[in-house]
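Visitor: Handing you this structure, nothing more for now.
The values are calculated or read from the model by the stated rules, or taken from the named source; none is laboratory data. The model shown is predicted, which means the values in this text are computed figures rather than measured ones. Reconstructed Cβ throughout: ideal geometry from the backbone, glycine too, with neighbour counts over all protein chains shown.
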Amino acid sequence: MKLVWQVLAVVAVGAVGGRSITAVQDDPWLSLLLGGLTAVLSVFVYRWVVGRTERRPVTELAREGARRSLLRGTAIGVAMFGCVIANISFLGGYEVHGFGSPTGAIGLVGFMAGAAVTEELMFRGLLFRLVERGLGTYIALALSGALFGAAHLLNENATVLGAVAIAVEAGGMLAAAYAATRSLWLPIGLHFGWNFAEAGIFGTEVSGSGATHGLLDASTSGPELITGGEFGPEASVYSMLSGALLTVAFLWLARRRGTVVPRQRARRADALATLGR
């Protein structure tokens, strides 16, 4: 029942916010405003409902160090996508035609912020965190990553390759980032930085969701494995490779810090929690 209330609360805010942003997507300033409000309200609702239902401090969204983690995650996300585009461009798969739309990029700040926050709260804050309690870090990472990838099959130009790529490079990497830090701020920053760089800076397709209007007017062409095809560079082999490498790096950090939850320990924790009731 606790999980039901948590999921319903976060999904409700995300759904209302998403529809609102989509309705005003042609107005960059309203998109920025509504996206920001969606992000803030989602965090507030998550803190409130998780704190009330689990009766604990919501440490995964602690205010201390939040700004630093968000900025660090954003920088990593932008740099990561920049490396992907550099590799695609080196092979002639990415071409810049000129400058794009600065105001369009401003609107994308709000849109991407709202998406990054609501998706991280849902998939890492709830799904990964709660599955990890019973099955341990590695199984939770695989399951939540697969579901995150599958969710992107609903997008307009979705492909199976794109969904698999999202599961590997985003689902796995972002869950590993949470496992290493036990904070949602770094994954939120990573998610936002990657998506904003993809659409708001380099002007490419985002997860097959439609045309974008970023700072650069650009296009991709060439083999799907290199460029990602209609799904966008997220389905590129370079994206999958970079995401897989960062996943390994974050899991190594998690093991070093002792924050990986083994399956056996997770079962014992669940059993003790049950006895405690």
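Visitor: Output the residues belonging to segment 175-204 that are in contact with a strand residue (DSSP E or B) (Cβ under 8 Å, 6 or more places away or on another chain) and surrounded by fewer than 24 Cβ atoms within 10 Å (Cβ to Cβ).
Guide: Restricting attention to segment 175-204, the residues satisfying the condition of being in contact with a strand residue (DSSP E or B) (Cβ under 8 Å, 6 or more places away or on another chain) are 201-204.
Correct list: ILE201 only.
Visitor: Moving on to the next point. Would you check if there is a residue in segment 113-133 being surrounded by fewer than 18 Cβ atoms within 10 Å (Cβ to Cβ) and either under 23 Å from ALA235 (Cα atoms) or of a type in the set (Phe, Trp, Tyr) (or both)?
Guide: So far as segment 113-133 goes, no, none of its residues is surrounded by fewer than 18 Cβ atoms within 10 Å (Cβ to Cβ) and either under 23 Å from ALA235 (Cα atoms) or of a type in the set (Phe, Trp, Tyr) (or both).
Visitor: Could you identify the single residue in ALA146, ALA150 that is under 15 Å from the mean Cα position of the chain (by Cα), surrounded by fewer than 19 Cβ atoms within 10 Å (Cβ to Cβ) and over 25 Å from ALA39 (Cβ atoms)? Outline the logic, then answer.
Guide: Details: ALA150 fails: over 25 Å from ALA39 (Cβ atoms).
Step by step, each of ALA146, ALA150 is checked, and only ALA146 is under 15 Å from the mean Cα position of the chain (by Cα), surrounded by fewer than 19 Cβ atoms within 10 Å (Cβ to Cβ) and over 25 Å from ALA39 (Cβ atoms).
Visitor: Tell me, which residue of segment 95-112 that is of a type in the set (A, V, I, L, M, F, W, C) and not in a helix (DSSP H, G or I) is nearest to TRP29 (Cα to Cα)? Full working, then the answer.
Guide: First, the residues of segment 95-112 that are of a type in the set (A, V, I, L, M, F, W, C): 96, 99, 105-106, 108-109, 111-112.
Next cut, not in a helix (DSSP H, G or I) only: 96, 99.
Working: VAL96: 26, PHE99: 20 Å.
Per the criteria, the residue is PHE99.
Visitor: A follow-up question, please. Going through SER209, SER183, SER219 one at a time, which residue ends up being touching a residue at least 24 places away in the same chain (Cβ under 8 Å) and assigned to a strand (DSSP E or B)?
Guide: Numbers: SER209 fails: assigned to a strand (DSSP E or B); SER183 fails: assigned to a strand (DSSP E or B).
None of the others qualify; the one that does is SER219.
Residue-wise test of (1) modelled with pLDDT of 95 or more; (2) outside any helix (DSSP H, G or I); (3) in contact with a helix residue (DSSP H, G or I) (Cβ under 9 Å, 6 or more places away or on another chain); (4) polar (S, T, N, Q).
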{"position": "TRP29", "(1), (2), (3), (4)": "no, no, yes, no"}
{"position": "LEU34", "(1), (2), (3), (4)": "no, no, yes, no"}
{"position": "ALA39", "(1), (2), (3), (4)": "no, no, yes, no"}
{"position": "GLY51", "(1), (2), (3), (4)": "no, no, no, no"}
{"position": "PRO57", "(1), (2), (3), (4)": "no, yes, yes, no"}
{"position": "GLU60", "(1), (2), (3), (4)": "yes, no, yes, no"}
{"position": "ARG63", "(1), (2), (3), (4)": "no, yes, no, no"}
{"position": "LEU71", "(1), (2), (3), (4)": "yes, no, yes, no"}
{"position": "GLY77", "(1), (2), (3), (4)": "yes, no, yes, no"}
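Visitor: Still on this structure, please answer the following. Quick check on this structure: which one of ALA115, ALA151, ALA142, ALA146 is under 27 Å from TRP29 (Cα atoms) and either charged (D, E, K, R) or in a helix (DSSP H, G or I) (or both)? If you could, list the steps in order and put the result at the bottom.
Guide: Working: ALA151 fails: under 27 Å from TRP29 (Cα atoms); ALA142 fails: under 27 Å from TRP29 (Cα atoms); ALA146 fails: under 27 Å from TRP29 (Cα atoms).
Selected residue: ALA115, the only one of ALA115, ALA151, ALA142, ALA146 that is under 27 Å from TRP29 (Cα atoms) and either charged (D, E, K, R) or in a helix (DSSP H, G or I) (or both).
Visitor: Could you check GLY92 against (1) of a type in the set (Gly, Ala, Ser); (2) in contact (Cβ under 8 Å) with a residue 40 or more places away in the chain; (3) at negative phi and say which number it fails?
Guide: The failed condition is (3).
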